[in-house]
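Okay, structure first, notes after.
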Amino acid sequence: MDSTEFDVTVADSQATVVAPVTPAEFDFEAYEEHEAMLLETCRAFQEAPSGVLVHRRMRVREVFSYGCRDMRRSLEFQLGALTQSLGFQMDIPNFLEPWYGIGTVASAYGFNYEWYEGQAPAGRTLFRTVEEALRSKPMPVRETAIGRHTLLMIEYFLEETGGRLPMSLTDVQSPFNVACHVVDLNALFMEVIMNPGAVKELLDRIAELMVEWTDDQLERMRGQVVWPGHGFASSRPFKGMGMSDDNSLMIFPDHYFAVAEEADARAGAPFGGLVFHSCGNWTNRVDMVKQLEGLRAVDGAFSKATDPAPNSPERFAEAFAGTGITVNARIVGEPRTVEDIVKRLWRPDMKLAVVTYCRTPSKQQEAYERVHGVCG
């Protein structure tokens, strides 16, 4: 039974346990048929001013932590997830992601991963001040250790699957989030106030690295890529680059706009705009995020079982109804919980992607029907 509260005994409330499947065992034709059947629905949603879709996210526990760098096991676990997803009713298909892990773009400045048994990679910031970072000459991400590894994983995934399956870019952080891996957090937050011009220059440089790195991945992925990617409900017809921007909540909106808005827009513009994500409750930043140039969609948690500090459905409905900006709503919980939250979140003139984590196909079917029943 799914709890209505956050379960502190589990490592990942949004994870799904799956059995790995090798490429030789995977039913490519079945998944291609499944994706093709849903693509028209996704395409129509992308072009429409309003509507609702349901996505059952298959977030693999092992791949989201210690297993992210083992390309063979990562692919097998993710193929297992795609196989399992075929039994769940949804409107947006799942996808592969070669590399999981933040810090990829920060590696251009020398950020290195530290691996501990059974855990996701960690790392340490490199510079004590923004000025130190600006004096450093970053290398292209593709030339870093993790950049080379990621490109190898992309090529491995494509070779093993014949390029037949949808695939996401790596976990893309916002320029500001990347800077938090480059410069000591205390110093960075202080310099946002004391030296905003220098912070803005650093974020602009990071945005350029992000665009270059995204182009490097797209050269290999070509038509397989889904948008916004990573933690979002994603599909080939969708637009906009997903950006995790959790640390934006640590500074005032005026300061964020002064240092980060242009870098966000620059990083997202070549790819159809930007898509904003933050963990936790960012309800009081809705007005700030809504003003970001080129904003295509936003992501948030809306049940306590998803995040101990969920967002306000009513506030998001008020802010994004009638804007054409999609709300990607993650809701861990029973079908009744999903329905109750969607009732508070839905408005007839909004675009809503409801992301569920129901444990069984029957529960998913019930949640699916309840969501579409509420939204008509």
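The values are calculated or read from the model by the stated rules, or taken from the named source; none is laboratory data. Values in this document were obtained by computation on a predicted structure and should not be read as measured data. Here the Cβ is made from the backbone with ideal geometry for all residues, glycine too, and neighbour counts use every protein chain on show.
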May I ask you to list the residues in the stretch 50-108 that are under 29 Å from E334 (Cα atoms), crowded, with 22+ Cβ neighbours inside 10 Å, out of contact with any Cys (no Cβ under 8 Å at 6 or more places or on another chain) and among the β-branched types (V, I, T)?
V54, V60, V63
Helices (runs of 4 or more DSSP H) (entirely within the stretch 128-232) containing at least 1 residues that are among the β-branched types (V, I, T) and closer than 21 Å to E35 by Cα:
145-161
D264: within 27 Å of K343 (Cα to Cα), modelled with pLDDT of 95 or more and either surrounded by 24 or more Cβ atoms within 10 Å (Cβ to Cβ) or not small (G, A, S) (or both), yes or no?
no
Taking the conditions exactly as written (of a type in the set (S, T, Y) and modelled with pLDDT under 95), does S248 satisfy them or not?
yes
Scan (1) in contact with a Leu (Cβ under 9 Å, 6 or more places away or on another chain); (2) on the phi < 0 side of the Ramachandran plot; (3) modelled with pLDDT under 95 for the single condition L202 breaks and write down its number.
(3)
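Just give me the residues in the stretch 351-376 being among the polar types (S, T, N, Q) and in a helix (DSSP H, G or I), in sequence order.
The initial filter retains those residues of the stretch 351-376 that are among the polar types (S, T, N, Q), namely 356, 360, 362, 364-365.
Hits for the stretch 351-376 are S362, Q364, Q365.
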Check off (1) within 18 Å of the chain's Cα centre (by Cα); (2) surrounded by 23 or more Cβ atoms within 10 Å (Cβ to Cβ); (3) within 30 Å of R205 (Cα to Cα); (4) not acidic (D, E) for L352 and give me the number that stays unchecked.
(3)
Hey, can you tell me all the residues within the stretch 270-298 that are surrounded by fewer than 16 Cβ atoms within 10 Å (Cβ to Cβ) and more than 16 Å from the chain's Cα centre (by Cα)?
P270, N284, D287, K290, Q291, E293
Taking A301 as meeting all but one of (1) crowded, with 22+ Cβ neighbours inside 10 Å; (2) closer than 18 Å to F176 by Cα, write down the number of the exception.
(2)
Taking first residues from the stretch 273-291 that are closer than 13 Å to F232 by Cβ and second residues anywhere that are of a type in the set (S, T, N, Q), the pairs with Cβ under 6 Å that are 6 or more apart or on different chains are H277/S244
Take G373 and decide whether it is over 21 Å from the mean Cα position of the chain (by Cα), farther than 17 Å from V286 by Cα and small (G, A, S).
yes
Filter the stretch 126-152 for residues that are among the hydrophobic types (A, V, I, L, M, F, W, C) and modelled with pLDDT under 95; the one that is surrounded by the fewest Cβ atoms within 10 Å (Cβ to Cβ) is A145
Residues of the stretch 1-29 being modelled with pLDDT of 85 or more, of a type in the set (A, V, I, L, M) and not in a loop (DSSP other than H, G, I, E, B), in sequence order, are none
What pairs come out if I take residues in the stretch 350-376 that are closer than 23 Å to F232 by Cβ and of a type in the set (G, A, S) and pair them with residues that are at pLDDT 95 or above and in a helix (DSSP H, G or I) whose C-beta lies under 6 Å away, six or more apart or interchain?
A367/P335; A367/V338
